[in-house]
1. All but one of (1) modelled with pLDDT under 90; (2) touching a Leu at 6+ places or on another chain (Cβ under 7 Å) hold for Met420; state the number of the condition that does not hold.
2. Given the conditions (1) of a type outside the set (Phe, Trp, Tyr); (2) at pLDDT 80 or above; (3) open to solvent by less than 30 Å² (accessible area, probe 1.4 Å), report the number of the one that Ala54 does not fulfil.
3. Take Leu564 and decide whether it is modelled with pLDDT of 90 or more, open to solvent by 20 Å² or more (accessible area, probe 1.4 Å) and not in a helix (DSSP H, G or I).
4. For region 146-182, which positions are farther than 16 Å from Leu309 by Cβ, modelled with pLDDT of 75 or more, open to solvent by 30 Å² or more (accessible area, probe 1.4 Å) and β-branched (Val, Ile, Thr)?
5. Pull up region 284-297, narrow it to residues that are modelled with pLDDT under 70 and in a helix (DSSP H, G or I), then point me to the one that is farthest from Gly163 (Cα to Cα).
6. Looking at region 328-349, is at least one residue in a helix (DSSP H, G or I), of a type outside the set (Gly, Ala, Ser) and open to solvent by 50 Å² or more (accessible area, probe 1.4 Å)?
7. Would you point out the residue of region 291-312, among those that are in contact (Cβ under 8 Å) with a residue 60 or more places away in the chain and of a type in the set (Phe, Trp, Tyr), that is most open to solvent (accessible area, probe 1.4 Å)?
8. Looking at this structure, is Gly356 loosely packed, with under 15 Cβ neighbours inside 10 Å, in contact (Cβ under 8 Å) with a residue 12 or more places away in the chain and not polar (S, T, N, Q)?
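The values are calculated or read from the model by the stated rules, or taken from the named source; none is laboratory data. Bear in mind that the values here come from a model prediction, so they are computed numbers and not experimental data. Please note: Cβ atoms are built from the backbone with ideal geometry, for glycine as well, and neighbour counts cover all protein chains shown. For the accessible areas, the whole protein counts, side chains as well, though only heavy atoms, and no ligand, DNA or RNA atoms are used. Shrake-Rupley method; radii C 1.70, N 1.55, O 1.52, S 1.80 Å.
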Amino acid sequence: MFDAISKKLFADEEGAPALIRRLLKENFGQYKYQYMIAFGFMIIAAAAGAASAAIMKNVINQVFIDRDITMVYVISAAVVTIFLTKGFATYAQTIVLSKIGNSIIAKLQRDMFEKVTRLGVRYFDHTTFGDLATRFSHNTGAARSVMDLIVLSAGRDVMSVIGLVTVMIWQNPLLSLISMTIMPPAVYAVSKLVRRVKKIAKSQFVSQTMILSLVKEMALGIRVVKSFNYESNMHSAMKSAVGDVEVQSNKIAKLQARTSPLMETLGGIAIAVIILYGGYSVIALGQDPGAFFAFITALLLAYEPIKRLARFQVNLNTRLVGVRLMYELLDMPEENAKTAEKPDLKVTAGHIEFKGVEFDYGENKALNGLSLVAKPGEVTALVGASGAGKSTVFSLIERFYEIDKGEVLIDDQDIRHFNMESLRSKLAIVTQDTFLFDRTIRENILIGRPDATDDEIIAAAKNANAHEFIEKMEQGYESRAGEGGTRLSGGQRQRLAIARAMLSDAPILLLDEATSALDAESESKVHSALTRLMKGRTTLVIAHRLATVRDADTIHVLSHGKLLESGTHNQLYEMDGYYRHLCELQFTSSNENDKDTKALK
């Protein structure tokens with residue numbers, strides 16, 4: 001019978017019992033000795049609470065009825081001792097549980113961050129910053145709250161109730177039975193509140209993520225917001241999100257607060273009945289008044305922990321929403337999980353080939369049977385209109401996504417058969433939107449090869465035409481780049497990205513039009529650095545400005561995920577096909593300078 005009940009309770013992996021069991025299994029064992037210490041202090045505090053109720057019998061009988069002056073001193077000293085003991089035990093248990101809770105949050109945040117770094121790019125395509133930030137802050141805090149709630153309810157509240165109920169039964173078993181009549185209606189009413197709390201708490205999480213996303217958008221897009229007078233729109237969006245959280249928080253507060261009038265009403269009825277019966281017993285039947293007052297004291301002291309236990313289910317399910325979402329992230333399949341045991345990819349020549357590759361992002365096909373080759377030591381350019389599939393080719397070479405059909409080969413090796421880390425160590429990428437971390441210049445370059453020496457870092461910076469401007473910075477290589485590289489110009493960021501790629505010394509280079517957004521002087525410096533970087537490497541270039549790839553060894557023209565034309569610039573231009581159409585369209589319908597237009601002819 002017990003097994004059947006257990007299976008039913010834990011069958012639903014997202015159900016409260018299963019979540020609690022998992023949370024305890026993963027966190028309780030590591031801190032079991034600290035929890036044992038905390039439980040010890042809770043037992044002392046509970047015993048002291050029970051003793052403070054039990055001593056009321058002596059106060060009434062020996063002080064107020066017998067008028068024993070000696071017992072006045074004895075009982076007073078005992079009361080001071082009891083409350084000092086309870087105060088110390090409560091303080092100690094709070095300190096121990098706080099240390100455990102902080103350690104749990106730190107552990108979970110580390111685990112979640114490591115997990116996020118192992119997830120594929122597809123996850124980030126559909127996840128907002130607000131969602132991630134809320135999971136790291138709110139959800140890990142919810143896990144700690146659940147642990148604290150369980151421990152405090154099982155330790156402090158349950159033990160206090162046990163101790164005080166023991167005093168009550170010892171003093172008057174019949175009155176104890178009467179006082180228990182409030183439990184069934186209280187349990188029934190609370191169970192109805194729990195179902196409503198779950199739904200509201202989940203909606204609250206969604207609104208909280210929206211708030212964080214809006215804050216991030218404001219911080220990163222402040223120049224756009226200011227330039228287009230978009231403040232009022234941002235204010236409206238924030239007002240709506242904050243309003244939603246406020247409404248949902250108020251609903252949860254109301255549901256949680258409903259336990260108070262419920263318990264106050266039921267408790268008041270029970271206490272009134274007990275006073276009626278107990279008073280009659282003392283006055284008419286001559287029962288011990290000290291025992292009755294000890295019982296009443298124990299009942300009143302038990303009332304507060306009983307109320308907390310009545311709210312336990314509501315509070316627990318509110319916090320379990322965050323725990324459920326935390327485990328939702330921790331249980332996601334990892335990008336590298338299936339490739340970690342696979343062999344390393346060995347790259348000799350650096351020959352890249354796509355064979356009949358098909359891929360979609362979940363909607364329309366991005367690549368539709370694409371076949372192309374990038375030869376070793378040559379520059380291969382990818383051109384085409386937006387949406388042609390150029391960036392997708394780069395993403396599939398880096399295995400940010402898995403292809404649906406076909407093969408992506410490097411030196412005749414299907415990259416799916418090798419581990420991800422070894423593949424990416426053979427690739428270096430420089431994009432037009434270079435991202436730098438808010439760390440030192442040296443640390444940003446070191447990303448290319450973390451074990452590089454200072455001499456190698458400087459050599460890479462010199463080859464990338466970056467050493468000169470780095471030396472002019474206030475702290476040189478120890479200067480911080482700013483979030484996303486905001487303290488540097490576009491050209492400086494590009495040259496640091498090139499230095500990073502040079503330091504990695506990867507045999508395959510991926511360039512996503514690294515000079516398209518630069519002024520003439522910066523472009524000249526970046527171009528000369530790129531020329532040194534491309535030497536002896538297989539280079540794939542995404543070209544938005546066609547004039548920049550006229551010297552490529554091979555140009556592949558893509559359209560709607562298919563290869564239309566291949567050849568050199570002159571060959572394709574003379575073919576009078578789609579490539580020539582793109583050239584003429586780009587440079588006759590825009591204000592590009594004449595130099596670029598002539599270079600294409």
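1. (2)
2. The single condition Ala54 does not satisfy is (2).
3. On the way: modelled with pLDDT of 90 or more: yes; open to solvent by 20 Å² or more (accessible area, probe 1.4 Å): yes; not in a helix (DSSP H, G or I): yes.
Yes.
4. Listed by number, the residues that qualify are Thr166, Ile169.
5. Filtering first and then ranking leaves Ala284.
6. Scanning region 328-349, I find at least one residue that is in a helix (DSSP H, G or I), of a type outside the set (Gly, Ala, Ser) and open to solvent by 50 Å² or more (accessible area, probe 1.4 Å), so the answer is yes.
7. Phe293
8. Values: loosely packed, with under 15 Cβ neighbours inside 10 Å: yes; in contact (Cβ under 8 Å) with a residue 12 or more places away in the chain: yes; not polar (S, T, N, Q): yes.
Yes: the conditions hold for Gly356.
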